[in-house]
1. What's the longest piece of the chain with no exposed trypsin sites (Lys or Arg not before Pro), counting a site as exposed if DSSP puts it in a loop and it has at most 15 other beta carbons within 10 Å?
2. Using Cα pairs under 8 angstrom and six or more residues apart, how large is the relative contact order of the chain, in percent?
3. What number, rounded to the nearest 500 deg cm²/dmol, is the helix-based mean residue ellipticity at 222 nm of the chain, given -39500 (n - 2.57) per DSSP H run of at least four residues and division by all its residues?
4. For the chain, what does the alpha-carbon gyration tensor say about shape, rounded, prolate or oblate, given a ≥ b ≥ c as the root eigenvalues, a/c under 1.5 as rounded, and a/b over b/c as prolate?
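None of the figures in this text is laboratory data; all of them are computed from the coordinates on show. No experiment lies behind these values; they were computed from the predicted model shown. Cβ placement follows ideal geometry from the backbone for every residue including glycine, while neighbour counts extend to all protein chains displayed.
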Amino acid sequence: MANFAASSTAPVSAVDVIIPKAADVPALLALVNALAAERNFLFMNPIDPVTGITILQRHLEAIAANGDEIVLVARDGRELVVLITGIRGTHCARRGAIDIGLGVLPGHRRRGIGHALLRGLERWALTAGCQRLQLRVMTLNTAAFALYRKCGFLVEGVYHASAVVNGRYYDEFGMAKLIQLAG
Ligand SMILES: CC(C)(COP(=O)(O)OP(=O)(O)OC[C@H]1O[C@@H](n2cnc3c(N)ncnc32)[C@H](O)[C@@H]1OP(=O)(O)O)[C@@H](O)C(=O)NCCC(=O)NCCS
C-alpha cells in the first residue's frame, strides 16, 4: 500500500501517520469522540461506543475497497491523536474534489502534526487523480485558517451564518487548493 505518511519536520518524527486498520478501530472511535467533544470549531458527530465499533470497521473496509474516502490518523505512543478525512464527491463530475475534515487532540497541537496529515492527504489525492482540496473553516478559527494558508489554501468566499454554535451565528470561509489540473 502507498505510504501517505509525511516526510516532515523534526517534531513530527515522533508520530506515526497511518491508514487505520480493524485493530485501530477502538482507538479511532475514542479519537472521534474526543474530537467531537470540542464543539466550537470542529463539527463532528460522536459515535456510539458499542454499535460504533462494527459500523466503523465496515466503513473502513468499504472505503478501502471503493476509494471514495481517505482516513489518516497519527499515533503518539499507543494513542491516536489526530484524524484527517478526505471525502470525494459522489457524482462523476465531483470525483476530483475532496472535502476535508481535520482535528488534532488539544495536548498535541503546534507540533506540526496537522500540517503532516494535510500533506499526507494531499499525496493520497494526487495518487487518486483528484484536482481539488476544499473545506469550510469558521472565520474566527485563527489556528486552522493559518494552517490552511500555510499549506497553500486560498479563500474562495464567505458562507454567512453557515454555522450555529451555542445559539450564535458564525461565518465560515470557503477555502480550496488546486493540486493538479489535467491538460
Ligand atoms: C487547526 C489544527 C488542526 C492545527 O493543527 P496543529 O497540529 O496544531 O497544527 P501544526 O502544528 O501542524 O501547525 C502548522 C501551522 O499552522 C499554523 N497554526 C497552527 N496552530 C496555530 C495557532 N494556534 N495560532 C496560529 N497559527 C497556528 C501555524 O502557521 C503553524 O506553523 P508554525 O507552527 O510553524 O507556526 C488544530 O488546532 C485543531 O485540531 N483545532 C481544533 C479543530 C479544528 O479547528 N479543526 C479544523 C476545522 S476546519
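1. Details: sites that count: Lys21, Arg39, Arg78, Arg109, Arg110.
That gives 111-183 as the longest site-free run.
2. Details: 303 pairs, mean separation 35.1, N = 183.
After rounding, I find 19 percent.
3. Numbers: 4 runs with 52 residues, N = 183.
Helices in the chain give a 222 nm mean residue ellipticity of -9000 deg cm²/dmol.
4. Numbers: a/c = 1.27, a/b = 1.09, b/c = 1.16.
Judged from the Cα gyration tensor, the chain comes out rounded (a/c under 1.5).
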